[in-house]
Amino acid sequence: MNQVIYLRNRPEGRPSLDDFQFVQEKMPEPGSGEILLKTKFVSVDPYLRGRMRDQKSYIEPFKLNEPVESGIIAQVIESNSDDFEVGDHVNGMLQWKEFQTSQGHGLNKVSASTAPLSAYLGILGLTGITAYLGLEKIGKPKKGETLLVSGASGAVGSVVGQIGKIKGCRVIGIAGSDEKIDLIMEKFGFDEGINYKTTDNIQQAIAKACPDGIDVYFDNVGGETLDGAINNINKFGRIINCGAISLYNETETPMGPRHEGTFIKKSVLMQGFTVRDYVKEFGPPMQQLAEWLKNDQLTYSETIVEGFNKIPQAFLDLFDGKNKGKMIVKV
Ligand code: NDP
């Protein structure tokens, strides 16, 4: 039998294991022109929380009592297609199933000889590209500027910080434990770190770590951290609204301070960023990230959890900060 994971409930507030259901299905058989895929690596991502809500967004909500989907690396184990051979590995948006059939639309072949397969879900995949394009399209960091990054030890944030260093910035990261602060400074080369969980006043902590103010803020968390960053922003500062994980499980949107005055006086640019808007431009960032990796100018961390049945828990663990770098489930 084939194991499949459905979305059972639309969570109110923080999701739990009860919101998912394990279902046994008959093993799928590939039809004409189709391939049979075996799931190898599953990406769990904070944005999946948004797809559990029944609301209009840049991507369709999940349907209740149907499989959840995310970025997956799978191996072709049977092929009736001229485009794929048995043994090929593919990357694409696939369902949380141990085995599934596909016509191959939207799947890209990936090779373990270029990089470990899991890297295509992180540094060489959507999170790496998000870091690269968010900085390139909105942040535009210049040599000597101060770049502040929240979610700094995560999949996106750890790459943002390293690109900031390549561009010659002073880079400060915000993360949720002292161990993560050590990681971003020792492994990823950040100049300084702020543990937001042991900081009473995030605005003051940012001011102390950024004595020359902030030129670029790459925001992965939103909420009070964003407010604290805005209150330390420099003239012509740029803010990339990439994510707001601190708000994803809120049932009502909390009110914050009003920032219009700061934006006007300091000519600040704050722009939302959705990586999917740039799908046609993914080639050059992927090439550049791969080159930096090859030249040891870039490195990455992964938290790899093993077992298909661990997928829902790995997703939930993102909200407790249990990952360092990209959270991935190996099946
Ligand atoms: P991460 O690898 O950064 O994992 C999530 C991290 O968020 C956790 O490790 C945890 O780290 C932190 N976190 C969890 N809860 C909170 C909280 N309440 N307040 C502050 N931090 C919290 O995930 P990704 O790198 O995949 O994603 C980072 C952000 O970027 C997310 O907001 C995501 O939605 C967004 N994103 C946006 C994209 C786009 O196109 N706009 C594309 C990809 C991601 P800690 O221990 O530091 O708290």
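The values are calculated or read from the model by the stated rules, or taken from the named source; none is laboratory data. Treat the numbers as computed from the prediction; the structure is a model and nothing was measured. Every residue, glycine among them, receives a Cβ derived from its backbone with ideal geometry; neighbour counts consider all protein chains shown. Note: areas computed on protein heavy atoms with side chains; ligands, DNA, RNA excluded. Shrake-Rupley method; radii C 1.70, N 1.55, O 1.52, S 1.80 Å.
Taking 7 Å steps out from each Cα toward its Cβ at Q271 and K294 produces label points 3.0 nm apart.
Taking every alpha-carbon pair under 8 Å whose residues sit at least 6 apart, the chain reaches a relative contact order of 17 percent.
Please work out the FRET efficiency for the pair K280 and K56, using the Cβ-Cβ distance as r and a Förster radius of 30 Å; give the result to the nearest 0.05. Efficiency for this residue pair is about 0.80.
The simple Förster model, with R0 at 51 Å and r as the Cβ-Cβ distance, assigns K310 and F236 a FRET efficiency of 0.65.
For the stretch 212-328, the relative contact order comes to 21 percent (Cα pairs under 8 Å, sequence separation of at least 6).
Per-residue 3J(HN,Hα) values for the stretch 316-331, derived from phi via the Karplus relation 6.51 cos²θ - 1.76 cosθ + 1.60 with θ = phi - 60°, read 4, 5, 4, 7, 10, x, 6, 9, 10, x, 6, 8, 9, 10, 9, 9 Hz in sequence order (x marks Gly and Pro). Relative protection proxy for 170-179, 242-251, from highest mean packing down: 170-179, 242-251 (other beta-carbon atoms within 10 angstrom).
Fully extending the segment from K208 to D227, taken as 0.36 nm per residue of separation minus the present Cα-Cα distance, adds 5.3 nm.
What number, rounded to the nearest 500 deg cm²/dmol, is the helix-based mean residue ellipticity at 222 nm of the chain, given -39500 (n - 2.57) per DSSP H run of at least four residues and division by all its residues? Roughly -6000 deg cm²/dmol at 222 nm, from the helical runs in the chain. Helix screen, the chain: no DSSP H segment has Cα axial length of 20 Å or more and mean Kyte-Doolittle hydropathy at least 0.5. With one equal scatterer per alpha carbon and no solvent term, the Debye-computed log10 I(q)/I(0) for the stretch 126-276 at 0.09, 0.14, 0.21 1/Å reads -0.23, -0.59, -1.43. Only Cα pairs under 8 Å and 6+ residues apart enter the sum, and on that basis the relative contact order of the stretch 126-276 stands at 22 percent.
Positive contributions from Lys and Arg (+1) and negative ones from Asp and Glu (-1), summed over other residues with Cβ under 13 Å from the Cβ of K330, come out at +1.
Peptides 191-199, 287-295, 57-65, 72-80 ranked from most to least packed by the mean count of surrounding Cβ atoms within 10 Å: 72-80, 191-199, 287-295, 57-65.
If R₀ is 45 angstrom, what is the calculated FRET efficiency for the pair D182 and E29, using the beta carbon separation as r and rounding to 0.05? Calculated value: 0.35. Annotation: the antiparallel percentage among DSSP beta bridges lying fully within the chain is about 55.
Taking a straight Cα-Cα cut-off under 16 Å and skipping sequence neighbours fewer than 8 places away in the same chain, the lysines within cross-link reach of K310 are K40, K97, K322, K326, K330.
Full extension of the chain segment joining S16 with N195 gains 61.8 nm, where the gain is 0.36 nm per residue of separation less the Cα-Cα distance. Within straight-line reach of K266, meaning a Cα separation under 28 Å, sit the following lysines at least 8 residues removed in sequence or on another chain: K137, K140, K142, K143, K165, K167, K208, K235. Solvent-accessible surface of the stretch 1-95, taken per residue with a 1.4 Å probe and all protein chains present: 51 Å². Overall, the accessible surface of the stretch 126-276 at a probe of 1.4 angstrom is composed of carbon and sulfur to the extent of 50 percent. Which percent of the Cα-Cα distances in the chain go past 33 Å? So the portion of pairs separated by more than 33 Å is 28 percent. The residues neighbouring I181, those whose beta-carbon lies less than 13 Å from its own, together hold a net charge of -2 under the Lys/Arg +1, Asp/Glu -1 convention.
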